[in-house]
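What follows is a set of notes on a single structure, which appears directly below.
Computed from the coordinates by the stated procedures, all read-outs in this text should not be read as laboratory data. No experiment lies behind these values; they were computed from the predicted model shown. Heads up, the Cβs are rebuilt from the backbone with ideal geometry, glycines too, and the neighbour counts pull from every protein chain shown.
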Amino acid sequence: MAEARDTPTVDVVVIGAGQAGLSSAYHLRRSGLAPDRDFVTLDHSPRPGGAWQFRWPSLTYEKIHGMHSLPGMELTGADGSRPSSEVIGEYFTAYEERFGLRVHRPVDVAAVREGEGGRLRVETSEGVWSTRALINATGTWDRPFWPRYPGQETFRGRQLHTSRYPGPAAFAGLRVVVVGGGASGTQHLMEIADVAAGTTWVTRRPPVFREGPFGEEQGRAAVALVDERVRAGLPPQSVVSVTGLPVNEAITRARGRGVLDRLPMFDRITPSGVVWDDGRSVEADVILWATGFRPAIDHLAPLGLREPGGGIRVENTRAVRDERIHLVGYGPSASTIGANRAGRAAVRDIRALLEHEPALV
């Protein structure tokens with residue numbers, strides 16, 4: 001499809017302005033490319049902060065499992081008792097302003113397609129952009145995963161995903177089933193248990209609690225497991241899913257109170273609760289699905305990047321099927337420190353591509 005004469009052209013489009021997107025934009029600017037002239041950063045969120053801005057108020061900064069500063073500007077002096085959404089939102093705002101990253105928001109990206117002359121056509125709510133390369137940094141927050149179980153539609157209570165978790169007060173006096181063995185599920189469960197009439201924790205697999213320190217060697221091993229799946233073209237698992245749940249003081253207290261006594265997954269849902277095939281049942285007013293997220297990459301579908309295994313095969317950050325596409329914050333680079341490193345690596349490869357492929361006039 002020929003590009004319209006008024007279609008703006010850039011060398012790089014960055015989609016997403018969370019940790020991965022801002023890291024990428026920083027390294028693009030540091031490499032000599034100018035925002036809005038050579039590259040553009042698009043973000044669908046209403047304000048700076050990435051997915052952090054949507055986190056529940058009771059998730060204070062001191063409770064998060066590590067927040068690695070963005071490149072070139074440390075996050076220092078934060079009040080740990082404040083909501084993480086506020087602390088990180090303010091930090092990202094200051095970061096964008098300090099480095100003049102000029103993020104366009106709110107902008108929704110509908111599709112990325114083949115354009116004219118070997119370029120990519122990025123179709124957005126702001127219009128169409130023509131680009132030589134693309135960094136996708138859209139994360140997972142916009143694709144909460146909801147499992148399906150028999151009878152789910154008959155449940156008379158409330159069902160919600162952790163992406164819409166409002167804080168523990170909303171569950172006061174209620175019977176709550178929490179589904180999922182990740183960090184968010186356990187945090188929600190421990191908060192809710194203090195105010196609910198009763199809680200039940202169910203997971204597909206027995207949770208793994210990690211005792212003792214978690215050093216660089218263990219971190220590299222965990223990232224390697226995620227990277228192996230991505231290189232094979234399988235949907236990525238989060239790094240947290242292979243590290244286990246770190247045992248801290250709150251976990252120890254909750255285990256002692258029986259809050260973290262886990263049951264296997266139920267077999268079906270009834271109007272008043274959940275049941276197992278062995279005859280066991282639990283009455284519930286709320287089912288909270290702490291079942292994770294999937295990569296938000298549907299806009300890349302027109303490019304045919306998916307492998308038979310369901311994922312996009314990536315080496316370092318580059319999509320194997322298209323060297324113009326880099327995925328940052330995907331799979332092994334989904335952690336905050338991983339996103340920083342991946343942003344730098346993606347920009348290095350893209351600069352080499354741009355220098356090798358002359359721009360079309």
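Values as computed for the structure displayed
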quantity: Fewest-first sequence of Thr9, Thr76 by Cβ atoms within 10 Å of each Cβ; calculated: Thr76, Thr9
quantity: For the chain, calculated [θ]222 nm from helices alone, where every DSSP H run of n ≥ 4 adds -39500 (n - 2.57); calculated: -7500 deg cm²/dmol
quantity: Extension gain, Arg113 back to Arg231 (0.36 nm per residue minus Cα-Cα distance, nm); calculated: 40.2 nm
quantity: The chain, relative contact order [Cα under 8 Å, separation at least 6], %; calculated: 22 percent
quantity: Selected from Arg82, Arg318, Arg175 as most flexible by GNM, with the chain as the system and alpha-carbon contacts under 10 Å; calculated: Arg82
quantity: Dipole of the chain, positive end: most advanced residue of Ser81, Val12, Val178 [Cβ charges, Cα centre]; calculated: Val178
quantity: On Cα atoms only, tilt of 336-356 relative to the major axis of the chain in degrees; calculated: 20 degrees
quantity: In degrees, nearest ten, helix 84-98 long axis to first principal axis of the chain (Cα); calculated: 10 degrees
quantity: Cα Rg over Rh - region 108-175, Kirkwood; calculated: 1.23
quantity: Percent RCO, i.e. relative contact order, over region 101-193, from Cα pairs under 8 Å lying at least 6 residues apart; calculated: 14 percent
quantity: Centre separation in Å (Cα based) which lies between region 1-80 and region 266-322; calculated: 26 Å
quantity: In sequence order, calculated HN-Hα J values of region 102-116 (Karplus, 6.51, -1.76, 1.60; Hz; x Gly/Pro); calculated: 6, 5, 8, 7, x, 10, 9, 9, 7, 6, 10, 10, 5, x, 8
quantity: Within the chain: Cβ-based charge dipole about Cα centre, in debye rounded to nearest 20 (Lys, Arg +1; Asp, Glu -1); calculated: 420 debye
quantity: Under-5 Å amide H pairs with Thr270, H placed in peptide plane, nonlocal only; calculated: Val275
quantity: Local electrostatic count, Val286, Cβ distance below 9 Å [Lys/Arg +1, Asp/Glu -1]; calculated: +1
quantity: Footprinting exposure proxy for Val259, Val247 (fewest neighbouring C-beta atoms within 10 Å first); calculated: Val247, Val259
quantity: Separation of the Ala172 and Ala352 label points, Cα + 7 Å toward Cβ, nm; calculated: 5.9 nm
quantity: Which of Ser84, Ser24, Ser31 has the fewest Cβ neighbours within 10 Å, and the rest in rising order; calculated: Ser31, Ser84, Ser24
quantity: Sites Glu97 and Thr7, calculated FRET efficiency, Cβ-Cβ separation with R0 30 Å, nearest 0.05; calculated: 0.55
quantity: Projected label distance in nm at Arg262 and Glu90, using a 7 Å step from Cα toward the beta-carbon; calculated: 3.7 nm
quantity: Residue-wise HN-Hα coupling along region 192-201, computed from phi with Karplus coefficients 6.51, -1.76, 1.60 (Hz; x: Gly, Pro); calculated: 5, 4, 6, 10, 7, 5, x, 10, 10, 10
